[in-house]
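What follows is calculated from the coordinates using simple rules that are stated; it is not laboratory data. Owing to the predicted nature of the structure, the values given are computational and were not obtained by experimental measurement. For neighbour counting, all protein chains shown are included, and Cβ atoms are generated from backbone atoms with ideal geometry for every residue, glycine included.
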């Protein structure tokens, strides 16, 4: 096996492992509070689990951002307990989705390069105009998707039962993200046959590679 193939295999395994861990932790945020609901408000136990998860991530990656997020979650927990407002536990989900929408949407400004175009250019430099236009539309689709998720989270926490909101945010969100990847792959394969037929896994691997490149560039600027 060549070094490039071995690196790709390791990267693929890392993606699957990270995805599996994230999904398990997310489902636990729904299941555990429901099991403890007779003793604790589910919103409280959910925020406690978020803080624990954040502390574990912070210890593993040694990130100052993780410490900041932990402080914000602790403040939300205190506010939820003092004010008896379950809706406060929805703020992290809403904020995360809006942040992701902003990451995609900010690159759609006139004269800027859409995020997914930047990721695709890692494979082979400048893209053909039809592919660039398609990827710009795909960047828009992801921005709209995350805004929609934030909106649905807000509506459910305000007007539905807490466990329905929790089921949507902590369990159903992952299948919906997977569905976005699957639908995009089918659209690309059957409606735009002239475009490269990348699989969802290839796209995720490209995203990871792009994040690593951005991280290396930031580290180089800090040390330069």
Note to self: Between residue 95 and residue 22, what is the label-point separation in nm under the 7 Å Cα-to-beta-carbon projection?
What the structure shows: 1.9 nm
Notebook entry, point to check: Among 32, 169, what is the fewest-to-most ranking by other Cβ atoms within 10 Å?
Noted result: 32, 169
Check: What is the spin-label model distance, in nm, from residue 40 to residue 163 if the labels are put 7 Å beyond Cα along the C-beta direction?
Finding: 1.8 nm
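Using the number of other C-beta atoms within 10 angstrom as an exposure proxy, rank 185, 174, 142 with the fewest first.
Numbers: 185 17, 174 14, 142 20.
Going from least to most buried by this count: 174, 185, 142.
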Notebook entry, point to check: Taking the Cα-to-Cβ direction at residue 112 and at residue 171 and moving 7 Å from each Cα, how far apart do the two end points lie in nm?
Noted result: 3.7 nm
Notebook entry, point to check: Most exposed first by the Cβ proxy, i.e. fewest other Cβ within 10 Å, how do 186, 46, 180 rank?
Noted result: 186, 180, 46
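Using 0.36 nm times the number of residues separating residue 180 and residue 192, minus their current alpha carbon distance, what extension gain do you get? Please list the in-between numbers first.
Working: separation 12, 0.36 × 12 = 4.32 nm, distance 1.64 nm.
Gain on extension, residue 180 to residue 192, equals 2.7 nm.
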